[in-house]
Amino acid sequence: MDIVVKGRHVDVSERFRQHVVDKLGRVERLDPNLQRVDVEVSKETNPRLADRAFVIELTCRSRGPVIRAEAAADDKYAALDVAYGKLEGRLRRAADRRSDWKKKSTGPVGGALAAPLPGEPAAPEPEAAEPDDGPMVVREKTHRTAPMTLDEALYEMELVGHDFFLFVDAQTALPSVVYRRRGYDYGVIRLDVEGAP
């Protein structure tokens, strides 16, 4: 498993890199298929956000779905501890889910946000369009996915730690978005495209 540590607006010391490698070396026992963990350390320069001065983003890539965790604190070591705790919980849920799937004798869910397989070219990021009268597209991503059920989409959304998740519904074959509402409620929006077969 590769652990890649990079800094944004901050220099990452060799001591901190070693601390990250020691700490994240333990996550491989939760998912032996992990190929890479990206660690991004960023520094907030606004003094009003001193309690969130350091933000740590952890992204695990394996043959399954991408699993993310993010945390902020006034110290990068504290932010790493909080992010690691979140990541560990999500990896445990994924491992439990995999064992449940094996007990039901069906395969694991295809990764909606999975990284390209080794040897596959990654989709290039398009350059930003020239500003004109319309809104400017800052970033565009394309992910390969297989149709999934609503339950699988909720599971994938929880693994990446986002408030919404775009998927193709396996039952209706419609593009759909599941999103988190207040509390533990979820909502679903489905697109019914006019003129589509």
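Only the coordinates and a few stated rules stand behind these numbers; no lab work does. From a predicted model like this one, the values you see are computed outputs, not experimental measurements. Here the Cβ positions follow ideal geometry from the backbone for every residue, glycine too, while neighbour counts run over all protein chains shown.
Near Y77, once Lys and Arg are set to +1 and Asp and Glu to -1 for all other residues with Cβ below 13 Å from its Cβ, the sum equals 0. With θ taken as phi - 60° and the Karplus curve 6.51 cos²θ - 1.76 cosθ + 1.60 applied, the whole-hertz 3J(HN,Hα) list for the range 168-178 is 9, 5, 5, 7, 9, 6, 9, x, 9, 10, 9 Hz, x standing for glycine and proline.
Descending by average beta-carbon neighbour count within 10 Å, the peptides 143-150, 154-161, 82-89 line up as 154-161, 82-89, 143-150, the highest first. Take each peptide in 11-19, 34-42, count the other Cβ atoms within 10 Å of every residue, and average; sorted highest first, the result is 34-42, 11-19.
Over the range 15-63, what is the mean sequence separation of C-alpha contacts under 8 Å (at least six apart), divided by residue count, expressed as relative contact order in percent? Computed value for the range 15-63: 37 percent relative contact order.
Listed here are the pairs K6/K86; K23/K141; K23/K86; which of them are more than 23 Å apart at the Cα? Beyond 23 Å between Cα atoms: K23/K141.
If R0 is 41 Å, the Cβ-Cβ spacing of K86 and T172 corresponds to a FRET efficiency of close to 0.80. Counting only C-alpha contacts under 8 Å and six or more residues apart, can you give the relative contact order of the range 2-103 as a whole percent? Dividing the mean separation by the residue count of the range 2-103 yields 23 percent. The calculated FRET efficiency for H9 paired with T145, based on their beta-carbon distance and R0 = 30 Å, is about 0.35.
Note on V188 and T45: their simple-model spin labels are 4.6 nm apart, each label 7 Å out from Cα toward Cβ. Each residue of the range 29-42 is assigned a 3J(HN,Hα), and the resulting list reads 5, 7, 9, x, 8, 4, 9, 7, 10, 9, 10, 10, 10, 10 Hz, derived from the Karplus form 6.51 cos²θ - 1.76 cosθ + 1.60 (θ = phi - 60°), x at Gly and Pro.
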